[in-house]
Structure formats: C-alpha cells, structure tokens
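Read-outs: derived from the displayed coordinates by stated rules, not from any lab. Since the model is a prediction, treat every value here as computed from it, not as a measurement. As a convention, Cβ positions derive from the backbone with ideal geometry for all residues, glycine included, and neighbour counts pool all protein chains shown.
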Amino acid sequence: MNPLKMLLLTGALLLLVLPAAFAGARNSSNPDYDVVRDFSLASNPNGTWSYGWAYSTKGPFNLYTWSADNCDAGMSYWGYYLGTPCSALPTVGHNDTDQTLCYSTWCLPPNYLGMHDGWIMQGDKYVDQLSIVRWTAPSSGTFLLQGAVVGLDYGGTDLHVVVNSSMILFYTQVTYHTPVYFRHSLRLNAGDTVDFAVGWGANQTIYGDATGIQFNLTLEDAK
C-alpha cells in the first residue's frame, strides 16, 4: 500500500473507536436523530434534516440542489454545483459503505459525514461559504445533543453549532486527526433549528479542509 494512504487509513481507523465515549449514553427508548444514519439523497430537506450553505451563521440558509452518488466510489454528496460534472463546493458527503474510504489526502470512516466549505467571488475578493447540516426539531421538548468533529485533511476549519441562526451553542477550531467532542442539553420548540456549520477556519482558505462530523439528538423530555 502507498505509505501516504497507509498513514491516512491508520488515522481514520482511530476515529472509529473514539466516539464510543459518548455513544453509550443514548436512551434507545426515546426518539433519536442521527446525522450519519439518516443521510439520504432522496430529497432535501430530508425529514428533519436539510443540507445547504450560507455566508454566515446568521444566514440566509440556501439548500443544496446538486446531488450525486457516482463521483467518488462509495460516496454520496449534496453540494453547491460549480458547473462541471462532479465539481461541487461546499459539500456534505456520506460514506455509503461499512469501510473507511480514502481519496487523495483524506479518509472518511463510515461513522462520520464528510463536510467541506467553499468560497465564492464577491467583488474583488473571495468570501467563505459555510457548509451546513441543519436539524429542525419535529416537536417541543428537551433534546440531548452529542457529537464530535475532526479534521480529515491537512487544512484547518472551524465548526459552529448554532440554534435558530442566532445563538452560538458551541464553537471550535478543527485540526487534523484531533477529534473534539461536545454534549449539550437543549430545550427546543417544534420548528427550532440547530445548524452544524463548517467554515474556513484559521487558515482562511478551502485547501485541505475535509472535515468529519457526527452527532445525534435524542428526545429526553417532551413538553
């Protein structure tokens, strides 16, 4: 095996076991919503999930209209179409297999979604396009949010977890192969939104910005 791919695969395999730290805390008797398990190309929105982009965490939120499952073997994508086949940034990607998949300089384990930010020219400069997965509460109640984010490539990004496009619940810089875990209890009304937005990060570019996210929301108490 190519030494670079071997190194990437070793790091990706490590990511498979780390999330067990919070997985056992889920209450399987209550409704739960899992960003990896529930991913679908059937529609956007997809049940409680929406996939899209924005210039900032305060929106407006724009739905992705491009999707494909024939660009990278084993992967499905929603993204912002750039005009040529299999060219899209920002994106949200799903590993459709039960194996870690490696492409170029990044690997995606099956228990993470792959997200990548983008950029667009405005005037004489490029501006950030946040890649966003949005969850909309189907009912009122208290929800337990548990998740992790990790850099899958050499670049640096950041993650914003935002309630109703206004309240920053959680923010972190994201670095290569260093998972960051988060756990919060949220009191929400039906129709409230929680956005998981990946942006440029400290390096202010899109290069090497493949990012892995996973999270689950479980209804703890209904109102």
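Label-point separation (nm) for residue 40 and residue 169, each offset 7 Å from Cα along Cα-to-Cβ?
Result: 2.2 nm between the two label points.
Okay, helix-only estimate at 222 nm for the chain: each DSSP H run of n ≥ 4 adds -39500 (n - 2.57), divide by all residues, round to 500 deg cm²/dmol; what do you get?
That comes out to -2500 deg cm²/dmol.
Select from 75, 167, 115 the residue whose mean-square fluctuation is largest in a Gaussian network model of the chain (Cα-Cα springs shorter than 10 Å).
Between 75, 167, 115, it is 167 that shows the largest mean-square fluctuation.
Work from the charge dipole of the stretch 3-222 (Cβ charges, +1 for Lys and Arg, -1 for Asp and Glu, about the Cα centre) and give the residue of 82, 173, 194 farthest towards its positive end.
Selected residue: 173.
Could you tell me which label, among [x] 11.7; [y] 12.3; [z] 13.3, carries the value of mean projected area of the Cα convex hull in nm² calculated for this structure?
Correct label is [y].
Which residue fluctuates most in the GNM of the chain (Cα springs below 10 Å): 209, 195, 69?
Of 209, 195, 69, the Gaussian network model singles out 69 as fluctuating most.
Work out the charge dipole of the stretch 3-222 with +1 on the Cβ of Lys and Arg and -1 on the Cβ of Asp and Glu about the Cα centre, then indicate which of 213, 151, 141 is farthest towards its positive end.
Farthest along the dipole direction, towards plus: 141.
Using bins 10 angstrom wide from zero, how does P(r) for the stretch 82-122 break down, in % of all Cα pairs?
P(r) over the stretch 82-122, rounded to whole percents: 25, 48, 23, 4, 0.
Over what distance in Å are the Cα centres of the stretch 182-223 and the stretch 104-153 separated?
So the two Cα centres are separated by 8 Å.
For Cα pairs less than 8 Å apart in space and 6+ apart in sequence, what is the mean separation divided by the residue count of the chain, i.e. the relative contact order in percent?
23 percent
By its C-alpha gyration tensor, with a ≥ b ≥ c as the square roots of the eigenvalues, how is the stretch 65-148 shaped: rounded for a/c under 1.5, else prolate for a/b larger than b/c, else oblate?
In terms of gyration-tensor shape, oblate.
Looking at the chain, which longest stretch skips every one of the chymotrypsin sites (Phe, Trp or Tyr not before Pro) that is in a DSSP loop with at most 15 other Cβ atoms within 10 Å, leaving the sites themselves out? Don't skip to the answer; put the middle values down first.
Numbers: sites that count: 55, 154, 207.
The longest such stretch corresponds to 56-153.
Charges at C-beta only: +1 for Lys and Arg, -1 for Asp and Glu. How large is the resulting dipole of the chain about its Cα centre, in Debye rounded to 20?
That gives the chain a dipole magnitude of about 280 debye.
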